[in-house]
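J.: Can you read through this structure? Questions will come right after.
The values are calculated or read from the model by the stated rules, or taken from the named source; none is laboratory data. On a predicted model such as this, the values are computed, not experimentally measured, just so you know. Note that we place each Cβ from the backbone using ideal geometry, even for glycine, and neighbour counts take in every protein chain shown. Surface areas here come from the heavy atoms of the whole protein model, side chains and all, with no ligands, DNA or RNA. Shrake-Rupley method; radii C 1.70, N 1.55, O 1.52, S 1.80 Å.
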Amino acid sequence: MDGRGVLIVRNAQSGTAVIRSDPATTFAERLPGAVVHELAEGEDLAEVVAEAMKSDAAPDVLGIYGGDGSVSRMAYLARQHDRRLLAMPGGTFNHFVRALGIEGVDDAIDAYDADSAVAVGVVEATADAEEPVTVLNAVSIGAYPELIEERERRSSLGKWIGGAVATAVALRRAEPLTIVRDGRRARVWSVFVSVGRNDPDRVATMQRQETDAAVLDVRIHHARGSKVRAFASLAFGKRSAAVLRAIGLFPRDADIERLVVRELELQVRPEPGHPSVFVHDGELEERAPGGFTLRCVAVPRALTVFAPPGAPGAPSSPR
């Protein structure tokens, strides 16, 4: 297939901390019939897709080259317009596409050429009854969103230096927040809500493990240990977590509550002076001071995504 009927949007702001080759040549050689649009600074992805859908040659496939945040926004639009998603890694971590076995742009295009696709489950997350967002990996409240909020304040320092400074500041300022679930109140360092079942040894479930995810895998880190352990729990690499556990910095098993449910509702109440924030797929969302109600619902088989045959957790099922 030459890419006719495919719209690819490139987010040039994604993955700036990683050196990688420009995919323009690959797009031109392998998908010469595709329409490729580079997202300008301040340009809205939804508006770009809406304009394309109004045209006489509306795309059959929505493609995105960017990080997890860009991919999740395009996933929402693919669901809205009932289109298949061609997701290509162009960010820093690329958790979602890696979970599907896609390590590079060519892997995604190979799947498109073979018409190999999978039905993917998502989570719909709603804060204070606003429009739900489509989540592909995880939703989090507590220590991780506050770390991201501090890092975004220091974006001018660059991702890695800004991240180091933000970690130091967030660690110094960290306080538990209060959640209320089913009428029960708890003080917690963090809550992670994963799309589908995840690694039981992790607290920070940043990357999904299942394709057709029909449940939420929730990790609640109760505020019984130190703030150092709270931030150590954010390690999402297997090796990093293993090292931290070996030297006694990882949270105790007794401090982590795990739930596997189809939906979850939390009242979130940060301490005075702390932001009302949550993160989904690396994207920071802020609400009015004082807290908010977060509702997450698992939606199985919500989206069709091109992926290599035998993508983890689900059989190939082209549409």
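J.: Got at least one residue in the range 133-148 being closer than 22 Å to Ala288 by Cβ, more than 12 Å from the chain's Cα centre (by Cα) and either of a type in the set (Phe, Trp, Tyr) or modelled with pLDDT of 95 or more (or both)? Even if it seems obvious, please write down each step before you answer.
T.: Kept after step one, since they are closer than 22 Å to Ala288 by Cβ, are these residues of the range 133-148: 133, 135, 139-148.
Still in the running and more than 12 Å from the chain's Cα centre (by Cα): 141-148.
With either of a type in the set (Phe, Trp, Tyr) or modelled with pLDDT of 95 or more (or both) added as a condition, the list becomes 141, 144.
Yes, there is a match, as at least one residue in the range 133-148 is closer than 22 Å to Ala288 by Cβ, more than 12 Å from the chain's Cα centre (by Cα) and either of a type in the set (Phe, Trp, Tyr) or modelled with pLDDT of 95 or more (or both).
J.: Further question on the same structure: Can you pull out the residues in the range 287-300 that are modelled with pLDDT of 95 or more and either more than 15 Å from the chain's Cα centre (by Cα) or open to solvent by 10 Å² or more (accessible area, probe 1.4 Å) (or both)? Before the answer, list the steps.
T.: Within the range 287-300, the subset modelled with pLDDT of 95 or more is 291-300.
Those that are modelled with pLDDT of 95 or more and either more than 15 Å from the chain's Cα centre (by Cα) or open to solvent by 10 Å² or more (accessible area, probe 1.4 Å) (or both): Gly291, Phe292, Thr293, Leu294, Arg295, Val297, Ala298, Val299, Pro300.
J.: For residues that are of a type in the set (D, E, K, R) and within 20 Å of the chain's Cα centre (by Cα), scanning just the range 259-286, find the one that is most open to solvent (accessible area, probe 1.4 Å). Break it down into steps so the answer makes sense when it comes.
T.: First, the residues of the range 259-286 that are of a type in the set (D, E, K, R): 262-263, 265, 269, 271, 281, 283, 285-286.
Now drop any that are not within 20 Å of the chain's Cα centre (by Cα), which leaves 262-263, 265, 281, 283, 285-286.
Details: Arg262: 152, Glu263: 97, Glu265: 97, Asp281: 12, Glu283: 59, Glu285: 48, Glu286: 110 Å².
Once the filter is applied, the top-ranked residue is Arg262.
J.: How many residues, within the range 10-25, are touching a Phe, Trp or Tyr at 6+ places or on another chain (Cβ under 7 Å) and modelled with pLDDT of 90 or more?
T.: 2
J.: Can I ask one more? What residue, of Leu85, Leu7, is touching a residue at least 60 places away in the same chain (Cβ under 8 Å), surrounded by 13 or more Cβ atoms within 10 Å (Cβ to Cβ) and out of contact with any Lys or Arg (no Cβ under 6 Å at 6 or more places or on another chain)? Reasoning before the result, please.
T.: On the way: Leu7 fails: touching a residue at least 60 places away in the same chain (Cβ under 8 Å).
Result: Leu85 is the single residue among Leu85, Leu7 that is touching a residue at least 60 places away in the same chain (Cβ under 8 Å), surrounded by 13 or more Cβ atoms within 10 Å (Cβ to Cβ) and out of contact with any Lys or Arg (no Cβ under 6 Å at 6 or more places or on another chain).
J.: Follow-up. List pairs: first residue in the range 118-135 and on the phi > 0 side of the Ramachandran plot, second residue open to solvent by 10 Å² or more (accessible area, probe 1.4 Å) and in a strand (DSSP E or B) anywhere in the structure, Cβ distance under 8 angstrom, at least six positions apart or on different chains.
T.: Asp128/Arg287; Asp128/Thr293; Ala129/Thr293
J.: Taking Val243 and the conditions (1) β-branched (Val, Ile, Thr); (2) out of contact with any Gly (no Cβ under 8 Å at 6 or more places or on another chain); (3) over 21 Å from His274 (Cα atoms); (4) at pLDDT 75 or above, which numbered condition does it fall short on, given that it satisfies the others?
T.: Tallying (1) β-branched (Val, Ile, Thr); (2) out of contact with any Gly (no Cβ under 8 Å at 6 or more places or on another chain); (3) over 21 Å from His274 (Cα atoms); (4) at pLDDT 75 or above, Val243 fails exactly one: (4).
J.: A follow-up question, please. Would a scan of the range 99-117 turn up a residue that is polar (S, T, N, Q), outside any loop (DSSP other than H, G, I, E, B), closer than 21 Å to Ala213 by Cα and in contact with a Phe, Trp or Tyr (Cβ under 9 Å, 6 or more places away or on another chain)?
T.: Step one: filter the range 99-117 for residues polar (S, T, N, Q), giving 116.
Subsequent filtering for residues that are outside any loop (DSSP other than H, G, I, E, B) retains none.
So far as the range 99-117 goes, no, none of its residues is polar (S, T, N, Q), outside any loop (DSSP other than H, G, I, E, B), closer than 21 Å to Ala213 by Cα and in contact with a Phe, Trp or Tyr (Cβ under 9 Å, 6 or more places away or on another chain).
J.: Contact list please: Cβ distance under 9 Å, first residue in the range 259-286 and among the small types (Gly, Ala, Ser), second residue assigned to a strand (DSSP E or B), pairs at least six apart or on different chains.
T.: Hits for this filter: Ser276/Ala127; Ser276/Val268; Ser276/Arg269; Ser276/Glu286; Ser276/Arg287; Ser276/Phe292.
J.: When you check Arg224 against the structure, is it open to solvent by 40 Å² or more (accessible area, probe 1.4 Å) and either in a strand (DSSP E or B) or at pLDDT 95 or above (or both), yes or no?
T.: no
J.: Hey, among the residues in the range 187-198 that are open to solvent by less than 20 Å² (accessible area, probe 1.4 Å) and out of contact with any Pro (no Cβ under 8 Å at 6 or more places or on another chain), which one's farthest from Arg295 (Cα to Cα)?
T.: Top of the filtered list is Asn198.
J.: Scan the range 13-22 and tell me whether some residue there is surrounded by 14 or more Cβ atoms within 10 Å (Cβ to Cβ), touching a strand residue (DSSP E or B) at 6+ places or on another chain (Cβ under 7 Å) and hydrophobic (A, V, I, L, M, F, W, C).
T.: No, that holds for no residue.
J.: Here's another thing I want to ask about it. Could you run through the range 45-75 and say how many residues are open to solvent by less than 70 Å² (accessible area, probe 1.4 Å), more than 18 Å from Val97 (Cα to Cα) and not small (Gly, Ala, Ser)? Write out each step before concluding.
T.: The initial filter retains those residues of the range 45-75 that are open to solvent by less than 70 Å² (accessible area, probe 1.4 Å), namely 45-46, 48-50, 52-53, 55, 58-59, 61-72, 74-75.
Going one step further and asking which of them are more than 18 Å from Val97 (Cα to Cα), we end up with 45-46, 48-50, 52-53, 55, 58-59.
Checking which are not small (Gly, Ala, Ser) leaves us with 45, 48-49, 53, 59.
The number of residues fulfilling the criteria is 5.
Residue by residue, here is whether (1) in a helix (DSSP H, G or I); (2) modelled with pLDDT of 95 or more; (3) of a type outside the set (A, V, I, L, M, F, W, C) holds:
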residue: Ala186; (1), (2), (3): no, yes, no
residue: Val193; (1), (2), (3): no, yes, no
residue: Arg202; (1), (2), (3): no, no, yes
residue: Gln207; (1), (2), (3): no, no, yes
residue: Ala214; (1), (2), (3): no, no, no
residue: Arg219; (1), (2), (3): no, yes, yes
residue: Val228; (1), (2), (3): yes, no, no
residue: Phe236; (1), (2), (3): no, no, no
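J.: Counting only residues that are over 20 Å from the mean Cα position of the chain (by Cα), give me the strands (runs of 3 or more DSSP E) lying completely in the range 1-90 with at least 2 of them.
T.: Working: elements: 6-11, 35-39, 61-66, 84-89.
In the range 1-90, 6-11, 35-39 are the strands (runs of 3 or more DSSP E) which contain 2 or more residues that are over 20 Å from the mean Cα position of the chain (by Cα).
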